[in-house]
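Beneath this line is the structure, given in structure tokens, with notes to follow.
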Amino acid sequence: MSFEINESCGVFGIYTREDDVAKLTYYALYALQHRGQESAGIAVSDGRETLMLKDMGMVSQVFSERDLNNLRGHIAIGHVRYSTTGSTFWENAQPVQVPRRGGSVFVAHNGNLINTVELRNALKEEGVRFRSTSDTEVVAVMLARSSQQSIVDAVKEVMPRLTGAYAFVVMTEDRLIGIRDPHGIRPLCVGRYMDGYALSSESAGLDIIGAEYIREVEPGEMAIIDDDGLGFETAVTAAKPSLCIFEYIYFARPDSIMYGTYLYHARKHMGMSLADEAPVEADVVMPIPDTGVPAAIGYSQASGIAFGEGLIKNRYIGRTFIQPTQAIRQLGVRLKLNPLIHDIKGKRLVVVDDSIVRGNTTKEIVKMLRDAGAKEVHMRISSPPDMYPCFYGIDTSIRKELIASSRKVEEIRRFIGADSLHYLSMENLVKATRRPKEDFCTACFDGEYPVPVPDEMMMTKCRLEKGKVGVQ
Ligand code: AMP
């Protein structure tokens, strides 16, 4: 059985009659580009007609000014998508459009449903033919086939049938709706813009267009935006909140706010705790850019060891679709990071990063630092060992590939070639968020999945581990 994992994505929606919604969405997608670089799309409605443009590539590659000028209306939704190789199809780009009651429903999704196969099979039996392998199309079809006249009632009918993680933005000719799953695993917030409102995966998507942050959409809630303004209703009964803690560590931008905190501050505190947990005599604290920067600043402040940059990131490489030659491929991490040899040579380095997934990049970086003359390399990771695969929308590997699933910290240290290695404790990670552990999904670290994962799906990501895949 195959499962289409609809991975890490970014969603945005806006409703205003006072500005160009396509251009606003375009800029917002730029702010969310880190959430997905594989495809981008925008759909607009002027109240009668709808138009959509989506394609493979980054936001800057997909839209031209002329395209945006043609996308006229007062409602828009946008999407950026990330996926692993293998599911790189145009058909999986979003938003997804399905005809509904003489018009259309458009859906853009961040997250991953875990009962897609069941839902899809039931629809296939009813004669539905799908165009893509994405779970988003399944939801769009369900909304379109609902007997409910109003899209709000259709959402209320469909959402309780979905299991998994989702933040959706939904657009019809005259409405914009944002919905979060009952656990609130993936983020979604709402803001005010001129006479209207906007929805965004992250508050940074509101900031870029000058929208004023109002609040997060609550777990199980839907935000409904139309000519009557903004309203909130329950789409599905809320369960224990379980925001993805990896958003705090790596995925979201540091200038985004979640649970009322800038992630930058949470990450800095993670670094401060790392310094308390694993002090070391060194000359400089160095981040792996960009995601390691706030934690490295925290480590430096708490330890009194100077902060310094030693690796400069090529900000424009992004995700490239040009096949590299073998020689270029061998450059590996060098395509993204270039060492400042004079700042590294002869130095004892504390190198701070947010996470280790497979360990391959970290190993290459340690080698690069040693080749540049580093005397000592002490790796400090601002999260606990990543041991369990994510089924809710973060693209981490199958379990076997997660280095910490099968190796102890000392073995990982040896594999990456560092002089010392320390991972932040769960206790101090949680402390940095200023919220109780119960408010988060921490499954990637402790295997406690808030939404039970079906056995077959567990097997798919834990393959070659039959008999040992149980969730703790
Ligand atoms: P590696 O040593 O190959 O496991 O790579 C570690 C790096 O991957 C760290 O710098 C992380 O910031 C980064 N990382 C963590 N999670 C992801 C993800 N889901 N997709 C891409 N990179 C990630």
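The values are calculated or read from the model by the stated rules, or taken from the named source; none is laboratory data. Everything numeric in this text was worked out from a predicted model, so none of it was measured. Heads up, the Cβs are rebuilt from the backbone with ideal geometry, glycines too, and the neighbour counts pull from every protein chain shown. When the accessible area is computed, the model is the full protein with side chains, heavy atoms only, and any ligands, DNA or RNA have been set aside. Shrake-Rupley method; radii C 1.70, N 1.55, O 1.52, S 1.80 Å.
Tabulated data for the structure shown
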| quantity | calculated |
| --- | --- |
| Selection status of residue 418, open to solvent by less than 70 Å² (accessible area, probe 1.4 Å), within 14 Å of the ligand (Cβ to nearest atom), in a loop (DSSP other than H, G, I, E, B) and within 24 Å of residue 269 (Cα to Cα) | yes |
| Index of the failed condition, residue 110 passing every other in (1) open to solvent by 50 Å² or more (accessible area, probe 1.4 Å); (2) within 16 Å of the ligand (Cβ to nearest atom); (3) part of a strand (DSSP E or B) | (1) |
| Selected residue (only one of 398, 403 is within 15 Å of the ligand (Cβ to nearest atom) and surrounded by fewer than 20 Cβ atoms within 10 Å (Cβ to Cβ)) | 398 |
| Qualifying positions in the range 260-287 - within 19 Å of residue 375 (Cβ to Cβ) and not assigned by TED's automatic domain parsing to the domain that holds residue 348 | none |
| Unique match (being under 26 Å from residue 254 (Cα atoms), open to solvent by less than 60 Å² (accessible area, probe 1.4 Å), more than 10 Å from the ligand (Cβ to nearest atom) and assigned to a helix (DSSP H, G or I)) among 369, 349 | 369 |
| Test for residue 429: is it out of contact with any strand residue (DSSP E or B) (no Cβ under 8 Å at 6 or more places or on another chain) and either within 13 Å of the ligand (Cβ to nearest atom) or open to solvent by 60 Å² or more (accessible area, probe 1.4 Å) (or both) | no |
| Any chance residue 276 is away from the ligand (no atom under 16 Å from the Cβ) and under 20 Å from residue 385 (Cα atoms) | yes |
| Single unsatisfied condition, residue 412 versus (1) under 28 Å from residue 268 (Cβ atoms); (2) not in a helix (DSSP H, G or I) | (2) |
| Condition met for residue 357 (within 13 Å of the ligand (Cβ to nearest atom) and either closer than 29 Å to residue 184 by Cβ or in contact (Cβ under 8 Å) with a residue 24 or more places away in the chain (or both)) | yes |
| Extreme residue, surrounded by the fewest Cβ atoms within 10 Å (Cβ to Cβ), among residues of the range 188-210 that are within 15 Å of residue 75 (Cα to Cα) and of a type in the set (Gly, Ala, Ser) | 191 |
| Of the criteria (1) within 14 Å of the ligand (Cβ to nearest atom); (2) not assigned by TED's automatic domain parsing to the domain that holds residue 277, which one residue 439 fails | (1) |
| Looking only at the range 380-394, and only at residues there that are among the hydrophobic types (A, V, I, L, M, F, W, C) and near the ligand (Cβ under 10 Å from one of its atoms), the one that is modelled with the highest pLDDT | 381 |
| In the range 85-97, the residues that are open to solvent by 20 Å² or more (accessible area, probe 1.4 Å) and outside any helix (DSSP H, G or I) | 85, 86, 88, 89, 97 |
| Residue match in the range 278-292 (condition: touching a residue at least 12 places away in the same chain (Cβ under 8 Å), open to solvent by 70 Å² or more (accessible area, probe 1.4 Å) and over 23 Å from residue 426 (Cα atoms)) | yes |
| Test: residue in the range 326-333 that is modelled with pLDDT under 95, under 24 Å from the mean Cα position of the chain (by Cα) and within 16 Å of the ligand (Cβ to nearest atom) | yes |
| Complete set of residues in the range 352-366 that are touching a Ser or Thr at 6+ places or on another chain (Cβ under 8 Å), open to solvent by less than 80 Å² (accessible area, probe 1.4 Å) and in a loop (DSSP other than H, G, I, E, B) | 354, 355, 356, 357 |
| Qualifying residue in the range 38-54 (condition: outside any strand (DSSP E or B), farther than 27 Å from residue 226 by Cβ, modelled with pLDDT under 95 and open to solvent by less than 60 Å² (accessible area, probe 1.4 Å)) | yes |
| Meets criteria (among the aliphatic types (A, V, I, L, M) and either part of a helix (DSSP H, G or I) or away from the ligand (no atom under 14 Å from the Cβ) (or both)) for residue 459 | yes |
| Residue list for the range 232-255, filter: within 16 Å of the ligand (Cβ to nearest atom) and over 30 Å from residue 153 (Cα atoms) | 245, 246, 247, 248, 249, 250, 251, 252, 253, 254 |
| The range 293-325: number of residues that are surrounded by fewer than 19 Cβ atoms within 10 Å (Cβ to Cβ), in contact (Cβ under 8 Å) with a residue 12 or more places away in the chain and within 16 Å of the ligand (Cβ to nearest atom) | 7 |
